[in-house]
Amino acid sequence: MATSSIHVPSADPVDNSRSFLSRLRNGDEIARLVTFLFAASVVLITVLLVYELWIASSLPRQKFGLAFFVTKLWDPVAEQFGALTFIYGTVVTAGVALSIAIPLGIGAAIFLAELAPQKLSDPLQFFIDLLAAVPSVIYGVLGVFIVIPLMRTWIAPTLKATLGFLPLFQGPAYGVGFLTAGIVLAIMVIPYIISVSREVLLSVPRDQREAALALGSTRWESTWKVVVPFARTGIMGSIFLALARALGETMAVTMVIGNTPSISSSLFAPGYSIAAVIANEFTEATGDLYLQSLIQLGLVLFLLTFILNGLARLFMLLTASRGSGTGRA
Amino acid sequence: MNTRLRWRKLVSAFMLTMTGVCSLVAVSVLFFILGYLVFHGGRSINWDFFTKLPTPVGESGGGMANAIVGSAKLLFLASLIGVPIGFFGAIYLAEFSGSKTAFVVRYAADLLNGVPSIVIGIFAYALVVLPFKHFSAYAGGFALGVMMIPITLRSTEEFLLGVPNTLREAAMALGASKWKTIATVIVPAAYRGILTSVLLAFARVAGETAPLLFTAFGNRYWSPGFNQPIESLPHMVYIYAISPYEDWQRQAWAAGLVLLGLILIVNIVARFILARGVAVPRS
């Protein structure tokens, strides 16, 4: 009060502070501040996550540098850690998963978006959404008790008999391995591909279909040569989303991949993935270097999914800006 | 009709049938999983399953009472973190923030949403387990809570933004302050959507195993309070399914059935709540 009698402030700040005070009395400023703190904590947690992963993996970075990513040896006793086998396992299983899931997922999405009447399409989509909610450990149980025995008795012998000349399908089949993990992963990511692709296909403008049909194309030709290419960036987005999900999947893969650190050209061979090695060895890791090497694997996984999710979002934004029609032929 | 046209029509019919087969395959997986779990696990679900502790190897019987209570505790802790941050954060995004802040928060949430669950586990380990020097329900609950945040936040925000602006203007015109408008008009108008978001986030983390492996860790006995290692239903499914004992495997199916049943029911209820809502459009 004393200062204000000496120094006369200009009219503007007074007005501002009065409105600020009245807003504070109304509770608006308090509400704004409180909700801001909650929103800011989301950013804080995310930053903290990246920071913790980076700080907690400094030892292997100093000791191995980039060699960490290209050496195969993973020897906790000799304190030598290289991630190549795990990166290989992760990439191969995700690759197998996508090569199964992409045709199936896009096929189903085409059916749901283009062919099925809404009365059929909506309930089917509902089941697909439920499928996406099934926890990964349940898929793991399914893999252990169904896919592994099927692999031993039927899938592997059939593949050997028909495609056995390829190095991919040679060697003994134990049941567990890259192919089994890939199949289970494929089942898990198909719902993601279907849901996103269906949305994208539905947003393709109706004129596109009508133009193709009017030019004399069959139903399939209009779908495959016009509608799908129109929606391709969005479909790519769904694939990247599925890939990110497949790379980071832990439980189902851990239960069926065999957990053997080896690189083999055969898909029947047991292997190991980044997420699986973290899950299996984290609690048993003795020594800082061992633990920090595992955390660095987590960092690698984080960066991979970060990049893929970013690409997925970019692709979906690109389609969103392109097609704005209301689909359904 | 010439042969070429006939061929094209044949290809069309064939490929369209194939797309139908694809969706049939995709959807049948759900019923297959359900049927399989009911067939193998249904018999093992009895009173003991819900009330008894796990028995040692070789002794038959026993149940998963500790895992069920443990899961409930973990989910309670997770909701304490995930729901308030998600809900109030969404209110800030939808009602208060400028576009720049909103972009940063949304970006962080989307980033967090894409982080593999095992990495969230490492984060909770570094942040909660290491300082306390032991595994605990707090650490597990924290990990699950972090996973709930982005799911709750993003979908709650969508539903808040879906509330028509005319409602906001009407409340303001009657002289209500902004927070009063939010508390008495906007949130009630979107409550179905908000409830759905929270339920879906809950169902999503209820089945998570990976972030619990080295935070909650697991415990074959009762875990009093929140400061000790604790068992959870999905972790039990994992441990029992990979065990070589037939009795344990049967119980894994039963636990899987209970877990899946719970998650599917929450999902269906959430979608049902949403479907009956009127004022707010779907995302």
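The values are calculated or read from the model by the stated rules, or taken from the named source; none is laboratory data. Values in this document were obtained by computation on a predicted structure and should not be read as measured data. Every residue, glycine as well, gets a Cβ built from its backbone with ideal geometry; the counts of neighbours run over all protein chains shown.
What to note about this one:
- Apart from one condition, B:ALA26 fits all of (1) closer than 30 Å to A:GLN125 by Cβ; (2) crowded, with 22+ Cβ neighbours inside 10 Å; (3) touching a residue at least 24 places away in the same chain (Cβ under 8 Å); the exception is (3).
- Residues satisfying the stated conditions in the stretch A:116-158, i.e. more than 26 Å from the chain's Cα centre (by Cα) and either without any contact (Cβ under 8 Å) to a residue 60 or more places away in the chain or not assigned by TED's automatic domain parsing to the domain that holds A:THR218 (or both): A:ALA116, A:PRO117, A:LYS119, A:LEU120, A:PRO149, A:LEU150, A:ARG152, A:THR153, A:TRP154, A:ILE155, A:PRO157, A:THR158
- The set of residues in the stretch B:1-31 that are within 7 Å of chain A (Cβ to nearest Cβ) and of a type in the set (S, T, N, Q) comprises B:SER12, B:THR19, B:SER23.
- Of the criteria (1) within 10 Å of chain B (Cβ to nearest Cβ); (2) among the aromatic types (Phe, Trp, Tyr); (3) more than 17 Å from A:ILE100 (Cα to Cα), which one A:TYR139 fails: (3)
- So B:GLY82, is it assigned by TED's automatic domain parsing to the domain that holds B:ILE186, surrounded by 22 or more Cβ atoms within 10 Å (Cβ to Cβ) and either under 23 Å from the mean Cα position of the chain (by Cα) or assigned to a helix (DSSP H, G or I) (or both): yes
- Restricting B:PRO150, B:PRO188 to residues that are without any contact (Cβ under 8 Å) to a residue 24 or more places away in the chain and either in a helix (DSSP H, G or I) or among the hydroxyl-bearing types (Ser, Thr, Tyr) (or both) narrows the list to B:PRO188.
- Selection status of A:VAL204, of a type outside the set (Asp, Glu) and part of a loop (DSSP other than H, G, I, E, B): yes
- Residue count for the stretch A:247-278 satisfying the condition of being under 18 Å from the mean Cα position of the chain (by Cα) and under 14 Å from A:PHE86 (Cα atoms): 11.
- Scanning the stretch A:99-128 for residues that are more than 13 Å from A:PRO191 (Cα to Cα), in a helix (DSSP H, G or I) and of a type in the set (Gly, Ala, Ser) returns A:SER99, A:ALA113, A:SER121.
- Enumeration of residues in the stretch A:100-127 that are touching a Lys or Arg at 6+ places or on another chain (Cβ under 8 Å) and over 19 Å from A:VAL204 (Cβ atoms): A:PHE126
- Checking B:ALA241, B:ALA206, B:ALA252, B:ALA210 one by one, the residue that is modelled with pLDDT of 90 or more, crowded, with 17+ Cβ neighbours inside 10 Å, in contact with a Ser or Thr (Cβ under 6 Å, 6 or more places away or on another chain) and of a type in the set (Gly, Ala, Ser) is B:ALA210 and no other.
- The criterion of being buried (at least 22 other Cβ atoms within 10 Å of the Cβ), modelled with pLDDT under 95 and part of a helix (DSSP H, G or I) holds for B:LEU37.
- Qualifying positions in the stretch A:112-135 - of a type in the set (S, T, N, Q) and farther than 22 Å from B:VAL269 by Cβ: A:GLN118, A:SER121
- Selected residue (criterion: nearest to the other protein chains (Cβ to nearest Cβ)) from residues of the stretch A:285-305 that are over 12 Å from A:PHE86 (Cα atoms), of a type in the set (A, V, I, L, M) and outside any loop (DSSP other than H, G, I, E, B): A:ILE295
- Here A:THR85 fulfils each of the conditions (1) farther than 23 Å from A:THR180 by Cα; (2) assigned to a helix (DSSP H, G or I) apart from (1).
- Flag if B:ALA108 is more than 7 Å from chain A (Cβ to nearest Cβ), over 17 Å from the mean Cα position of the chain (by Cα) and of a type outside the set (Asp, Glu): no
- Filter result for B:SER79 (modelled with pLDDT of 95 or more and among the polar types (S, T, N, Q)): yes
- Flag if A:ALA94 is of a type in the set (A, V, I, L, M) and surrounded by 19 or more Cβ atoms within 10 Å (Cβ to Cβ): yes
- Verdict on B:ALA72 being more than 13 Å from every other protein chain (Cβ to nearest Cβ), in contact with a Gly (Cβ under 6 Å, 6 or more places away or on another chain) and not charged (D, E, K, R): no
- The residues of the stretch A:159-196 that are hydroxyl-bearing (Ser, Thr, Tyr) and not in a helix (DSSP H, G or I) amount to a single one, A:TYR174.
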